[in-house]
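Undergrad: Next up is a structure, given as structure tokens.
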Amino acid sequence: QVQLVESGGGLVQAGGSLRLSCAASRRTFSPYAVGWFRQAPGKEREFVAAITWLIGRTAYADSVKGRFTIAKDNAKNTVYLQMNSLKPEDTSDYYCAASSSGRLDYSDNYSNWGQGTQVTVSS
């Protein structure tokens with residue numbers, strides 16, 4: 001399997017910014033899309049954002065539109081999630097995963113989940 005590694009999480013005050021990275025370990029990496037999801041303790045997994053690998057079509061959850069931006073660097077096999085204007089409700093473990101097909105916001109279409117990176121937003 002392709003190993004995906006998330007990084008960039010941390011503790012930030014409300015209104016601050018973080019940039020998360022999702023890097024694939026293998027040189028051959030050609031998913032249909034890479035997505036970001038988050039899951040807080042006791043809550044369901046939630047779609048955050050996704051980007052198709054070749055074209056760069058993006059999708060965002062309504063809760064993050066206008067605040068988060070997803071981008072990709074195909075040469076580095078890396079996807080970024082720029083998170084601005086962070087809110088306490090953004091506190092969660094963030095995961096990236098790759099999909100071969102399907103709806104961008106449907107988690108069951110994704111595989112090769114990373115280990116996650118924790119984001120904590122204080123008020």
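Undergrad: Scanning for something part of a loop (DSSP other than H, G, I, E, B), in contact (Cβ under 8 Å) with a residue 40 or more places away in the chain and not charged (D, E, K, R), does the range 70-78 turn up at least one residue?
TA: Yes, the range 70-78 contains a residue that is part of a loop (DSSP other than H, G, I, E, B), in contact (Cβ under 8 Å) with a residue 40 or more places away in the chain and not charged (D, E, K, R).
Undergrad: Say we look at the range 73-91 and pick out the residues that are among the β-branched types (Val, Ile, Thr) and within 22 Å of GLN1 (Cβ to Cβ); which of these is surrounded by the most Cβ atoms within 10 Å (Cβ to Cβ)?
TA: VAL79
Undergrad: Identify all residues within the range 92-123 that are open to solvent by 60 Å² or more (accessible area, probe 1.4 Å), touching a helix residue (DSSP H, G or I) at 6+ places or on another chain (Cβ under 7 Å) and of a type in the set (S, T, N, Q); write none if there are none.
TA: If the condition is that a residue be open to solvent by 60 Å² or more (accessible area, probe 1.4 Å), touching a helix residue (DSSP H, G or I) at 6+ places or on another chain (Cβ under 7 Å) and of a type in the set (S, T, N, Q), then SER101, SER123 are the ones that fit.
Undergrad: Could you list, in sequence order, the residues of the range 27-68 that are β-branched (Val, Ile, Thr) and either touching a Cys at 6+ places or on another chain (Cβ under 9 Å) or on the phi > 0 side of the Ramachandran plot (or both)?
TA: Hit for the range 27-68 is VAL34, nothing else.
Undergrad: If you go through the range 47-72 one residue at a time, how many are surrounded by fewer than 16 Cβ atoms within 10 Å (Cβ to Cβ) and not β-branched (Val, Ile, Thr)?
TA: Count: 9.
Undergrad: Continuing with this model, one more query. Can you tell me how many residues within the range 32-46 are in a loop (DSSP other than H, G, I, E, B) and open to solvent by 70 Å² or more (accessible area, probe 1.4 Å)?
TA: 6
Undergrad: Just for the range 1-31: of the residues that are outside any loop (DSSP other than H, G, I, E, B) and open to solvent by 40 Å² or more (accessible area, probe 1.4 Å), which one is nearest to GLY114 (Cα to Cα)?
TA: Filtering the range 1-31 for residues that are outside any loop (DSSP other than H, G, I, E, B) and open to solvent by 40 Å² or more (accessible area, probe 1.4 Å), the one nearest to GLY114 (Cα to Cα) comes out as VAL5.
The values are calculated or read from the model by the stated rules, or taken from the named source; none is laboratory data. Remember, it's a predicted structure, so these values are computed and weren't measured experimentally. Cβ atoms come from the backbone with ideal geometry, glycine included; neighbour counts cover every protein chain shown. Heads up: the accessible areas ignore ligands, DNA and RNA and are worked out on the full protein's heavy atoms, side chains in. Shrake-Rupley method; radii C 1.70, N 1.55, O 1.52, S 1.80 Å.
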